[in-house]
Each structure stands twice: as C-alpha cells, then as structure tokens.
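Input: a single structure, listed below in structure tokens.
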Ligand code: SIN
C-alpha cells in the first residue's frame, strides 16, 4: 500500500456548493461546504493512504483575488516541503481554475504533483460530479512519477499551461486545446498520453521569494485585458493608460490581428512604457510570431494566462538577485 500523505486544500467553488433542491444543478450557492465534510462524505478517500484536509479559502472562484492566491501558494509550498507529503489536491471553482493553476505553475514550480479539481454540480446535487473528480485527483496526486501543476476534471488530466474552461454547463467542461490532454484517469488508474509537464524558471522563483513578503496584493501591477472586435476604438486603451495601467493584454483576432485604431493606441501605450502582449481570442492555436511584429505575442498563452504571466514579470522585474 502507498503510504505517503496527500494534502487536500479547499478553496471553495461548486464542488463545495449547496442548493435548496437536489434536482437544481444551477440555482445553488458555491463555496458552502467545508473540505473536511466533503472528504468525510467519500469513505474510500483514504483507501490508498493518509489524507490531510485544510480549508485555505471558501470562495466562489469568480471572486478569486490576489490575497487568496498568496495564501494558497504559501500553503502549497509549506506542504510540498514536507518529505512525508507526496502530492497536493486543491478543490477550486471551475470559473477561474485555469488562472490559479497557471499562477501556481509559475510561482511554486512543484517537483511533486499539485492537482486542481472541481465540479460542475453542487455537492448537494442528486448526482454530483465532485466526489469522482476528487477521487481521480487523488489518484493523480498519488502517482509515483507525477509532477507539476495539473487539473483533473471528468476523468481527464490537463496541464496548467493548456487547461481552459470551454463549456458553461457540461460536466466535461475543460479542454487542453490543440495540445490535447496529458492523460486520463480510468478506474483509479492513470493512462498517460504525454509526459508530465514541468518547467523550472529559477530566476522567477528567486524573484517571487523576494517579493512574497514585500508586496501587498493591493500593490500588484495593474494589468488589464482588452479585446479586438468589430468597430473597436482607442477609447478603452486611452482610459486605462490615463488610469496608470502598467500592462495590457489584448485578445486579438485570429493570428494576432488588430483593428488599426486599437493597434495605434496600443503602440502609443507601449511607447509610453506600458507592457503590451498580444494573445488571441481564438480558442485553439497560438499567435505565430513574425519578424516584423511591433507588439510581442503571448507565446501560446490564453489572454487570462498571459495576464498572470505579465503581472509576474512586472512584479519581478529587477527583484531577482
Ligand atoms: C466557481 O467557479 O466557484 C463557481 C462555478 C464552478 O465551480 O463551477
């Protein structure tokens, strides 16, 4: 029997949601049930070894904020450092799970598995999906060679870099786009399709350690996302620059194209010192760089993840010694 501990950190979400009627899958309150209660409701949870639960936050993930992220990263790092802990599972709302996953991927860079999981139906549903997702996440967290930040939902394993919520209602709400999933969990067995994803960026790691205790979440760099669309003007960019925005991610059309009015405003903003990054509003594919690009691309990151990356870049500029 596998005896190392897995830690489950509760962050809230629909997996911890409660509805007045069991048949109601959408009219519920997210983030109501404690992680200890959720775990206790699954008798086979500890079949494979010891489990520790800890409530880090109780949030509907649409309201996720930088303070909760910092608290979570600190608890993840704390437990990762324990030799008796093999892996961590995080229960989280689906709505911003991909942003939290990418944040932890960059900030914690774990050499052990950190597995985010979730549910599309509340804990009180007639047929909830949370318990199976939690069991599948534990299976991945106990996998001997697993590493990096992962997301597990509806039997599918995604990497933090590629995972994206793509459906508003279906239980299988996530996709890894054209990268494809890392693998599947089938009856408590992992079927891996690609190798575990792990990137180590020592400069960023050192810089993050430096800023962890120095920068209050309210002082994190302001980075906003804007979109290219028919008839867009320079107004939003100009207003954001006037408010002192430090970074702008543009969800461009297609392969990074921009309406000429928006492009001019963004080039002006860049000239004024605002960091500008071009992602695409297309769900699949990436902005392919060209030698004559005047605005850098997001290196395959979606707009929300490119924003997290830009915030971290701006935070750590010059602080990694
Ligand atoms: C949330 O993101 O916290 C609510 C929605 C969900 O978990 O599906």
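Rounded to the nearest Å, what's the spacing between the alpha carbon centres of segment 127-176 and segment 99-125? Just the number, please.
If you average the Cα positions of each part, the centres end up 8 Å apart.
Please build a GNM for the chain, connecting alpha carbons under 10 Å apart, and tell me which residue among 168, 91, 100 fluctuates the most.
Checking each option, the largest mean-square fluctuation is seen for 168.
Measure nothing fancy, just the Cα-based angle from helix 66-80's long axis to the longest principal axis of the chain, in degrees from 0 to 90, nearest 10.
50
Sum -39500 (n - 2.57) across every DSSP H segment of at least 4 residues in the chain, then divide by the residue count to get the 222 nm mean residue ellipticity, nearest 500.
-8500 deg cm²/dmol, from helical runs alone.
For residue 145 and residue 169 in one chain, what is 0.36 nm times their gap in residues minus the Cα-Cα distance, to one decimal in nm?
Stretched out fully, the residue 145 to residue 169 stretch lengthens by 5.4 nm.
With r as the distance between the Cβ atoms of residue 267 and residue 62 and R0 = 41 Å, compute the FRET efficiency 1/(1 + (r/R0)^6) and round to 0.05.
Calculated transfer efficiency: 0.80.
Would you list 66, 79 from fewest to most Cβ contacts within 10 Å?
66, 79
Distance between Cα centroids, segment 178-193 to segment 1-44: provide it in whole Å.
Between the Cα centre of segment 178-193 and that of segment 1-44, the gap is 23 Å.
I'd like the orientation of helix 130-141 relative to the chain: the angle between its Cα long axis and the longest Cα principal axis, in ° from 0 to 90, rounded to 10.
Taking the Cα atoms of the chain, the angle to 130-141 is about 80 degrees.
Direction-averaged shadow area of the convex hull around the Cα atoms of segment 2-62, nm²?
Approximately 4.7 nm², given one-decimal rounding.
Among 122, 110, 217, which one shows the highest mean-square fluctuation when the chain is modelled as a Gaussian network with alpha-carbon springs under 10 Å?
217
How far apart, in nm, are two points set 7 Å out from the Cα along the Cα-to-Cβ line at residue 255 and at residue 225?
2.4
Please tell me the relative contact order of the chain in percent, rounded to the nearest whole number, where contacts are Cα pairs under 8 Å and at least six residues apart.
14
Could you work out how far apart the two model spin labels at residue 44 and residue 81 are, taking each label as a point 7 Å from the Cα in the direction of the beta carbon, and quote it in nm?
According to this spin-label approximation, the distance is 3.6 nm.
Determine, from the Cβ-Cβ distance of residue 238 and residue 317 and an R0 of 25 Å, the FRET efficiency 1/(1 + (r/R0)^6), rounded to the nearest 0.05.
Working from the Cβ atoms, E equals 0.55.
In nanometres, what is the gap between the two model label sites at residue 36 and residue 20, each 7 Å from Cα along Cα-to-Cβ?
In this crude spin-label approximation the distance works out to 3.0 nm.
If you restrict to DSSP beta bridges whose two residues both lie in segment 5-192, what percentage is antiparallel, to the nearest 5?
Looking only at bridges with both residues in segment 5-192, the antiparallel portion is about 40 percent.
Is the shape of segment 242-321 best called rounded, prolate or oblate, per the rule: a/c under 1.5 gives rounded, else a/b larger than b/c gives prolate, else oblate, with a ≥ b ≥ c the square roots of the Cα gyration tensor eigenvalues?
Oblate is the answer for segment 242-321, as a/c is 1.5 or above yet b/c matches or exceeds a/b.
Going by how many other Cβ atoms sit within 10 Å of their own, how do 305, 275 line up, fewest first?
275, 305
Let's test the formula: R0 of 30 Å, r as the Cβ-Cβ distance of residue 184 and residue 290. What FRET efficiency results, to the nearest 0.05?
0.25
Size of the chain along its principal axes in angstrom, Cα-based, largest extent first?
So the three principal-axis extents are 60, 48, 37 Å.
Quick one: helix 97-107 against the long Cα principal axis of the chain, what's the angle to the nearest 10°, folded into 0 to 90?
Approximately 80 degrees, to the nearest ten.
Quick one: P(r) of segment 110-227 from all Cα-Cα pairs, 10 Å bins, percents rounded to integers, in order of increasing distance.
So the P(r) values, bin by bin, are 13, 35, 29, 21, 2.
Take 102, 184 and order them by how many other Cβ atoms sit within 10 Å, fewest up front.
With the sparsest Cβ surroundings first, the list reads 184, 102.
Do me a favour and compute the ellipsoid semi-axes for segment 48-194 from its Cα gyration tensor, root of five times each eigenvalue, largest one first, whole Å.
In descending order, the three semi-axes are 20, 18, 16 Å.
None of the figures in this text is laboratory data; all of them are computed from the coordinates on show. Model, not experiment: these values are computed from the prediction. Positions of Cβ are backbone-derived with ideal geometry, glycine not excepted, and every protein chain shown enters the neighbour counts.
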